[in-house]
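One structure below.
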Amino acid sequence: QVQLAESGGGLVQPGDSLRLSCARSARTVSVDAMGWFRQAPGKEREFVAAISGSGGTVYADSVKGRFAISRDYNKNTMSLQMNSLKPEDTAVYYCASRRSNSVAMRQMDYDYWGQGTQVTVSS
């Protein structure tokens, strides 16, 4: 069983940066694809970014150029660097992992989920 734990959320002002981390419990180095999703109040959960087992990335149009996803294979962690944050980025951010090394953008393609971390962008 894979467990995921997000950290790094918080309250920031518009234009600020924040870095989220996701720790993946595993006894061996994983090359599974991983991703970030978010859910704003009253809205459905949406795709943010994903990274393949080989390091290829894909982003939602709304965050392209502002967010950067990365991973550390040795530490079994994934990060999301969020720059130029906007109020509309406010949401609970979820880390996800799937039993495949290719990226995916649909929630249904992911097998494991973290509990989420709150990001609030407000002045």
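The values are calculated or read from the model by the stated rules, or taken from the named source; none is laboratory data. Please read all numbers here as calculations on a predicted model, not as lab measurements. Reconstructed Cβ throughout: ideal geometry from the backbone, glycine too, with neighbour counts over all protein chains shown. Heads up: the accessible areas ignore ligands, DNA and RNA and are worked out on the full protein's heavy atoms, side chains in. Shrake-Rupley method; radii C 1.70, N 1.55, O 1.52, S 1.80 Å.
Close amide H contacts of Gly10 (hydrogens built in the peptide plane, cut-off under 5 Å, sequence separation of 5 or more or a different chain): Val119, Thr120. For region 2-17, putting each phi into the Karplus relation 6.51 cos²θ - 1.76 cosθ + 1.60 with θ = phi - 60° gives couplings of 9, 10, 10, 9, 8, 7, x, x, x, 9, 9, 9, x, x, 6, 10 Hz, in residue order, rounded to whole numbers and with x for Gly and Pro. Per residue, the accessible area of region 12-123 comes to 51 Å² when a 1.4 Å probe rolls over the protein heavy atoms.
Rounded to the nearest 20 Debye, what is the dipole magnitude of the chain about its Cα centre when Lys and Arg each give +1 and Asp and Glu each give -1 at the C-beta? All intermediate terms of the calculation are to be shown ahead of the outcome.
Numbers: 14 positive and 11 negative charges, 47 e Å.
That gives a dipole near 220 debye.
Over the chain, calculate the relative contact order: mean separation of alpha carbon pairs under 8 Å at least 6 apart, over the residue count, as a percent. Can you show the working numbers first?
Numbers: 315 pairs, mean separation 45.1, N = 123.
Taking the mean separation of contacting Cα pairs over the length of the chain, I get 37 percent.
Using a probe radius of 1.4 angstrom, the carbon and sulfur fraction of the accessible surface of region 37-106 is 46%.
In plain terms, the chain from Gln39 to Ala68 could stretch by 8.6 nm, reckoned as 0.36 nm per residue minus the Cα-Cα distance. I want to make sure I understand the PRE zone here: with the label point 7 angstrom from the Cα of Asn101 toward its beta carbon, which residues in region 51-81 have backbone N atoms less than 13 Å away? Inside the label zone: 52-56.
Backbone amide hydrogens, once placed in the peptide plane, bring Gln3 within less than 5 Å of Ser25, excluding anything fewer than 5 places away on its chain. Length gained on full extension, Ser122 to Lys75, computed as 0.36 nm times the residue gap minus the Cα-Cα distance: 13.7 nm. Placing unit charges on each Cβ (+1 for Lys and Arg, -1 for Asp and Glu) gives the chain a dipole about its Cα centre, and among Asn76, Val12, Ala40 the Cα reaching farthest toward its positive end belongs to Asn76.
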